[in-house]
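A.B. asks: My questions all concern the structure below.
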Amino acid sequence: MRKFMLAASLMLAIPALVSPAAAHDASVKVSHAWARATAANAMSGAAYLTLAAEGHPDALVGASTPAAKTAELHQTVNDKGIMKMLPVPQLALQPGTPVTFTPGGYHIMLMGLTHPLKRGESFPLTLQFKHAAPQTVSVTIEGAGAMEPMPGMQHK
């Protein structure tokens, strides 16, 4: 009887050990990752990209890069005529509704840059999701005043 109870307990526990991502095969497509070049002494920068949940809803919950001490999800908002950058704890992603990060909107704030971001170079950025596996993408650095990635950019 003890062996039966132990086996039954283990069978009930196994589904709890399966990650939510495996439970419904969540995935997020990441495309068009880019950043603006920074001044030589800049301590911060920003990365932009497009996220698209595929199959099931998900959420962006974090980011990291060796190019900065911290990387946080932020949103620029207009508060009674004053532009503010606010941290966003997580960003919901719905299938069929891509979210494009842009200057003046959502962005990954890079604080404590380890080196200037120079046009033509790139750096890795790892994104963490609520359900999908983390993804590391290559972020291409555009010109200092760029408002979008170069046309035809195929980076993933």
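A.B. asks: Counting Lys +1, Arg +1, Asp -1, Glu -1, what net charge surrounds His115 among other residues with beta carbon under 15 Å of its beta carbon?
C.D. replies: Cβ neighbours under 15 Å give a net charge of +3.
A.B. asks: Could I ask something else about it? Enter the accessible area of Ser44 (Å², nearest 10), with the probe set to 1.4 Å and all protein chains included.
C.D. replies: Accessible area, nearest 10 Å²: 50 Å².
A.B. asks: Still on this model: Keeping the other protein chains in place, figure out the carbon and sulfur percent of the accessible area of the range 33-156, with a 1.4 Å probe.
C.D. replies: Working: 3700 of 6460 Å².
Exposed carbon and sulfur together represent 57 percent of the surface.
A.B. asks: If ligands, DNA and RNA are left out, what is the accessible area of Ser27 with a 1.4 Å probe, given in Å² to the nearest 10?
C.D. replies: 40
A.B. asks: Keeping all protein chains in place, calculate the accessible area per residue for the range 21-83 (probe 1.4 angstrom), answer in Å². All intermediate terms of the calculation are to be shown ahead of the outcome.
C.D. replies: On the way: 3020 Å² over 63 residues.
Heavy-atom SASA per residue in the range 21-83 reads 48 Å².
A.B. asks: Quick check on the range 68-156: take the gyration tensor over C-alpha atoms, sort the square-rooted eigenvalues as a ≥ b ≥ c, and tell me if it's rounded (a/c under 1.5), prolate or oblate.
C.D. replies: Since a/c stays below 1.5, the shape of the range 68-156 is classed as rounded.
A.B. asks: Give the shape of the range 77-127 as rounded, prolate or oblate, defined through the alpha-carbon gyration tensor: a ≥ b ≥ c are the square roots of its eigenvalues, a/c under 1.5 means rounded, and otherwise the shape is prolate if a/b is larger than b/c and oblate if not.
C.D. replies: Oblate shape, in that a/c is at least 1.5 and b/c is the bigger or equal ratio.
The values are calculated or read from the model by the stated rules, or taken from the named source; none is laboratory data. Owing to the predicted nature of the structure, the values given are computational and were not obtained by experimental measurement. No Cβ is skipped: glycine too gets one built from the backbone with ideal geometry, and neighbour counts run over all protein chains shown. Just so you know, the surface numbers come from the protein's heavy atoms only, side chains and all, with ligands and any DNA or RNA stripped out. Shrake-Rupley method; radii C 1.70, N 1.55, O 1.52, S 1.80 Å.
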